[in-house]
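So the structure is just underneath, and the comments pick up after that.
What follows draws every value from the coordinates through simple rules; no lab data is involved. The structure displayed is predicted, hence computed values, not measured ones. Ideal geometry is used to build each Cβ from the backbone, glycine not excepted, and the neighbour counts take in all protein chains shown.
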Amino acid sequence: MFLINNVMLSKFDKESVLISHLKDGDEHAYLYLVKTYHSMLSNYAYSLTRDWAMAQDIVQELFLYIWKHRKKLDTIYSLKNYLFKMAYNQFVNAYRKNNAVTALERSYMEALDDAIDDRNSEILKRKIAIIIKGISKLPKKCKETFLLSKKEGLTNIEIAEYLNISVKTVEGHIAKAFHLLRARVGAQLKEVLFLLFGIKRV
């Protein structure tokens with residue numbers, strides 16, 4: 001791709017100007033778009049997929065889609081929120097393509113569609129960060145049990161055998177973790193955990 005200096009790119013700092021030039025097919029504007037958002041979109045896609053290669057594929061497809069459909073861009077909406085919404089949609093499409101979606105999974109997908117929209121995608125990203133921090137601050141045994149359940153996908157019986165504790169103790173640790181984490185993010189806890197660990201471990 002062609003080279004262009006930062007001074008020339010600075011004219012696209014105003015979002016309406018950037019969108020206008022993108023709609024006109026300005027490759028300099030497209031370069032600015034990629035340079036500005038590639039890293040943050042990649043990190044966001046990785047937070048959804050936990051797979052760096054898949055995250056990169058999502059972002060690449062996203063930028064290709066933007067360029068192909070650039071004339072449909074609208075200055076009314078926040079471009080940043082639009083890009084993050086697209087990244088989420090690409091993730092959902094990839095998940096549905098690679099996994100058999102059950103009725104339970106579909107209900108979570110619908111809940112996520114409501115949770116991640118143009119108005120609150122930033123809020124949900126903050127909640128993901130809060131949950132990651134919250135898990136790190138759980139009591140040691142509580143955290144270990146919770147991660148074995150949600151991250152590793154072990155059953156309560158398997159966890160009990162692995163940690164040499166009772167199933168009732170396992171259930172207590174998991175319940176305590178949910179209580180502490182829900183206090184941090186509220187009713188969207190299961191949706192956030194889905195984004196971190198996958199539907200089968202929520």
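Data table
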| item | result |
| --- | --- |
| Neighbour net charge for E161 - beta-carbon separation under 15 angstrom, K R +1, D E -1 | -3 |
| Distance in nm between pseudo-label sites at W67 and K140 (7 Å out along the Cβ direction from Cα) | 5.3 nm |
| Phi to ³J(HN,Hα) by Karplus 6.51 cos²θ - 1.76 cosθ + 1.60 over region 140-147, Hz, x for Gly, Pro | 3, 5, 5, 5, 4, 5, 4, 5 |
| Efficiency of FRET from Cβ geometry, R184 and L163, R₀ 22 Å, rounded to 0.05 | 0.35 |
